[in-house]
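Please read the structure below before turning to the comments.
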Amino acid sequence: MMCLAASVIGMLSSKHSVDMSKKLRALSNRSVTARLQKMVNEGAIAYGTLRDRLKCQKDLAKVILMALIATEYKYIELDEQQVPYIAGTTMKVVELVEAQRAYGWSPEEIHLQHRYLSMGQIHSALAYYWDHQQQLDADLERRFQYAETLRQAAGESPLAKKLRAQGLIQ
C-alpha cells in the first residue's frame with residue numbers, strides 16, 4: 001500500500017514525483033496523509049482534484065480522504081457525510097448530546113453510563129457541540145422530525161389500544 005500511496009503523491013506533485021516517491025516509500029500511512037493534508041492546505045492541490053484523482057484507487061482514497069477530514073478536536077472525526085463522531089467509537093456527537101439533554105447528565109455521569117468513552121473524548125465531543133451548536137441543533141431537530149413522522153405513520157400500537165380500551169391510559 002505504501003508504494004501505491006507514494007505513487008499517488010508522486011502523481012499529484014509531478015514536479016517532484018521521483019524524489020517524493022523515493023522518500024515516501026519508507027514513510028507510514030500517517031506521514032503520507034499528513035503530506036497530502038499539507039499539500040491541500042498550502043494550495044498545492046485542490047481537495048476536489050485530490051478526490052477525483054484518487055477515485056480509481058478506492059481503498060487508499062478512503063483512508064486518505066478520511067484522514068483529510070480530521071477536525072481540530074483530538075477525539076472527533078467526520079465521516080463521509082460530514083457527520084461528527086467520537087474517534088475510535090461508533091458514537092456520533094449528536095447521540096452523546098441527546099443523552100446529555102434527555103437525562104441531564106454531567107460529563108462524569110456520561111462517563112459512568114458509557115465506560116468505553118474517556119473523559120477526554122466526552123469533553124471533546126461537548127466542546128465540538130458548543131462550537132458547532134447551530135449545525136448540530138439543526139441535525140437534532142431533523143432527527144426528531146424524522147422520528148415523529150415515523151411514529152405518526154405507524155399509528156397507535158396494539159398495546160396502547162388495549163390499555164386505552166381498559167381505561168388504563170388516556
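Loop only per DSSP, at most 16 neighbouring Cβ atoms within 10 Å: give me the GluC sites (Glu not before Pro) in the stretch 109-158, ordered by residue number. Could you put the intermediate results ahead of the total?
Details: sites: Glu109, Glu141, Glu148, Glu156; in loops: Glu156.
For GluC sites (Glu not before Pro) across the stretch 109-158 that sit outside H, G, I, E and B with at most 16 neighbouring Cβ atoms in 10 Å, the list reads Glu156.
Any idea what the relative contact order of the stretch 71-170 is, in percent, if you count C-alpha pairs under 8 Å spaced at least 6 apart? List each step's numbers first, then the result.
Details: 68 pairs, mean separation 21.8, N = 100.
It comes to 22 percent, rounded to a whole number.
Using the Karplus curve 6.51 cos²θ - 1.76 cosθ + 1.60 with θ = phi - 60°, work out ³J(HN,Hα) for each residue of the stretch 90-98 in order, rounded to whole Hz, and write x for Gly and Pro.
So the Karplus estimates, Gly and Pro as x, are 9, 7, 7, 4, 5, 5, 5, 5, 4 Hz.
Does the stretch 71-170 come out rounded, prolate or oblate, given a ≥ b ≥ c as the square roots of the eigenvalues of its C-alpha gyration tensor, rounded meaning a/c under 1.5 and, failing that, prolate meaning a/b above b/c?
On the way: a/c = 2.97, a/b = 1.96, b/c = 1.52.
Taking the square roots of the gyration eigenvalues as a ≥ b ≥ c, the stretch 71-170 is prolate.
If you keep only loop residues by DSSP, which chymotrypsin sites (Phe, Trp or Tyr not before Pro) in the stretch 91-170 have at most 15 other Cβ atoms within 10 Å of their Cβ?
Details: sites: Tyr103, Trp105, Tyr116, Tyr128, Tyr129, Trp130, Phe144, Tyr146; in loops: Trp105, Tyr116.
Here the sparse-neighbourhood loop sites are Tyr116.
Loop only by DSSP, 11 or fewer other Cβ within 10 Å of the Cβ. Give me the trypsin sites (Lys or Arg not before Pro) in the stretch 110-152 that pass, ordered by residue number.
Numbers: sites: Arg115, Arg142, Arg143, Arg151; in loops: Arg115.
Answer in residue order: Arg115.
Each reported figure results from applying straightforward, stated rules to the coordinates on display, with no laboratory input. Nothing here was measured: the structure is a model prediction, and the numbers come from that model. Ideal geometry is used to build each Cβ from the backbone, glycine not excepted, and the neighbour counts take in all protein chains shown.
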